[in-house]
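J.: Please see the structure below; I have some questions.
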Amino acid sequence: MESAVTGDCLHNIPLFKVYLENGNKEKVRSLAREFLLHDNLAYYPILKKSYEPREWEAVVDGLLDDLQTRDGAKHASLNRQNPYPEVLKGEGRHGRLLAYIQKQPSLVQSYQEVLMPYYKDEVFALYRTVILGNGETVANRNEYQALAFRLEELVSLGGEAVAKECVQALAPRYMKRPAMKDEFRKVGLL
């Protein structure tokens, strides 16, 4: 069963396909939920579609709790597709998504568009955390450019004051690193 869980396409899972074709909602729901809990986001819309809207509202919070518990129990992996924040996004659970991103600030860029209309100041604070954290570890021109790009993104979101605060906070670092200062100048923050 584990190999089926990691499959990329639902058509590679014959039993699931049979359940879909036969309209066996309970089996479809059960397998789709299991696959979703095993990091296969493709099953989220299938699972949601198998419910009427009122039914879905009654089950979605439990599903989110299960995804959150499962996510918290796993170690981070670069190859792992994480359905939890994506389902939060899809369900419009902005407060819960923000709480999740606050624990993993590096994800702010992926979810800024969803969060900005509701939590502009919090998104800016997350960018600040990421920029200052990265600013402590950057060591070469490519990393300086990436940091400057993040600052430029923050400015484009309306966070110019926060970006300038970050540059000021990083001043002791870039005074010793002319290339870093040069990259900040290129994006108009010096």
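No value in this document is a laboratory result; all are computed from the given coordinates. Quantities reported herein were computed from a predicted structural model and do not represent experimental measurements.
J.: For the stretch 92-155, what is the Kirkwood estimate of the hydrodynamic radius, computed as the reciprocal of the mean inverse distance between distinct Cα atoms, to one decimal in Å?
T.: 12.1 Å
J.: Using helices alone, I'd like the mean residue ellipticity at 222 nm for the chain: each DSSP H run of four-plus residues gives -39500 (n - 2.57), total over residue count, nearest 500.
T.: Counting only the DSSP helices, I get -21500 deg cm²/dmol.
J.: Fully extended, how many nm does the chain gain between R54 and E113 (0.36 nm per residue separation, minus their Cα-Cα distance)?
T.: Full-extension gain reported as 18.5 nm.
J.: What full-extension length gain, to one decimal in nm, is calculated for K186 and H94 as 0.36 nm per residue of separation minus the Cα-Cα distance?
T.: 29.7 nm
J.: A further question on this structure: Please enumerate, by chain and number, the lysines with C-alpha under 23 Å from the C-alpha of K176, excluding those fewer than 8 residues away in the same chain.
T.: Within the straight-line limit of under 23 Å, K176 reaches these lysines: K164, K186.
J.: Excluding same-chain residues fewer than 8 positions from K49, which lysines have a Cα within less than 28 Å of its Cα?
T.: The qualifying lysines are K17, K25, K27, K74, K89.
J.: If you stretched the chain out fully between A146 and A179, how much longer would it get, using 0.36 nm times the residue separation minus the C-alpha to C-alpha distance?
T.: 10.6 nm
J.: Moving on. Could you give the Stokes-Einstein D for the chain in µm² per second, using the C-alpha Kirkwood radius, 25 °C, 0.890 mPa s?
T.: 129 µm²/s
J.: Quick check: Cα centre of the stretch 124-158 to Cα centre of the stretch 38-60, how many Å?
T.: 37 Å
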